[in-house]
Amino acid sequence: MKKTTITYFALIVLLAVTFYFALTHGASKVSFTNLTNTQLNILFNIRLPRIFSDLVAGAALSVSGAFFQASLRNPIADPGFMGVSTGASLFEIVFALIFPSMFLGKIFFAILGGCFAFLLLVQFQSRMNPYKLIIVGVALDAIFSGLISVIAPEKNAGMSLATSTWTTTICLGIIGIIGIIGTLFLSSWANYLKVNDEELSSLGLSAQKMRLILLLLATILASAVTANVGVLAFIGIIVPHQGRFLVGHDYDKLIPFSIIAGSWFLLFVDTVGRTIIAPDEIAANILLAIIGGPVLIAILAKENRGKSYD
């Protein structure tokens, strides 16, 4: 049996097991053998929206990270800490303070904020190498985070997985699923970007156009996630990084892997966070930072030894 087949089979099994555990465990355990009205309410109005948000957000952030890495030719590029997600969060919070009841407006402004941060990065792209561009992105992230702290200093400002409702889940699902399907059709462009721009031009292909479209789609996905469940960094690094090890560097294989693995990974992390010290929770973004930090260091160490991920 091929390594890729085994990988996908293992992911599907893990996803199914984690889905069942997430559905039945939490502050209170739920048994399907004797469901009460209270338990039904917990299942359908609290846990299912959160689980589906985990699945869509995890997939969207994973493919978003993969497209950022392909476009910038950098294995540590991730909208989660390059200013895109925090730019989306800043614009969303500002709009929410002005028009608190217009939920769809908040989503639109979050996407607008993500695109604004993306356009700022594009201005520096042609003048900097990929690693200096990452530093610019981190600086933008710090600026936007500081502004958020000034504008909305409350501890729980903005959205989070814990605030997931059917309204936020459906909105995220519509934008996320359409965008994720788009990444499947455009995955071959990510492969083309492995070739230098001059060679692509000789083949009649515009590297700049492909790069711009991939980054824009990745930005919209990351911004939509931020608008509905908050800023979640490192998924876009962790999942594609593991995917390159398990299924290879071909983006036609890496993107489908990232969709499934990203869905499972965020569901797993969020489930651990809300069950390990139940009834209290550890936010998913905290656990992702704990996991993502060492992964980021490992990637940089391998890059320093001359090993490429693209």
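The values are calculated or read from the model by the stated rules, or taken from the named source; none is laboratory data. Bear in mind the structure is a predicted one, so any value in this text is a computation, not a measurement. Positions of Cβ are backbone-derived with ideal geometry, glycine not excepted, and every protein chain shown enters the neighbour counts.
The figures follow:
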| item | result |
| --- | --- |
| Tally, over segment 264-277, of residues that are in contact (Cβ under 8 Å) with a residue 24 or more places away in the chain, out of contact with any His (no Cβ under 8 Å at 6 or more places or on another chain) and of a type outside the set (D, E) | 6 |
| Residue list for segment 87-119, restricted to those being in contact with a helix residue (DSSP H, G or I) (Cβ under 6 Å, 6 or more places away or on another chain), within 17 Å of A139 (Cβ to Cβ) and surrounded by fewer than 24 Cβ atoms within 10 Å (Cβ to Cβ) | F116 |
| Residue under evaluation A207, criteria (1) free of Cβ contacts under 8 Å to residues at least 24 places away in the same chain; (2) surrounded by fewer than 14 Cβ atoms within 10 Å (Cβ to Cβ), criterion not met | (2) |
| Residue in segment 105-124 that is modelled with pLDDT of 90 or more and of a type outside the set (A, V, I, L, M, F, W, C) present | yes |
| Residue list for segment 1-27, filter: surrounded by fewer than 12 Cβ atoms within 10 Å (Cβ to Cβ) and either in a loop (DSSP other than H, G, I, E, B) or not hydrophobic (A, V, I, L, M, F, W, C) (or both) | M1, K2, K3, T5, Y20 |
| Search result, residues across segment 242-258 that are in a helix (DSSP H, G or I) and either touching a Gly at 6+ places or on another chain (Cβ under 7 Å) or surrounded by fewer than 24 Cβ atoms within 10 Å (Cβ to Cβ) (or both) | Q242, R244, F245, L246, D252, K253, L254, P256, F257, S258 |
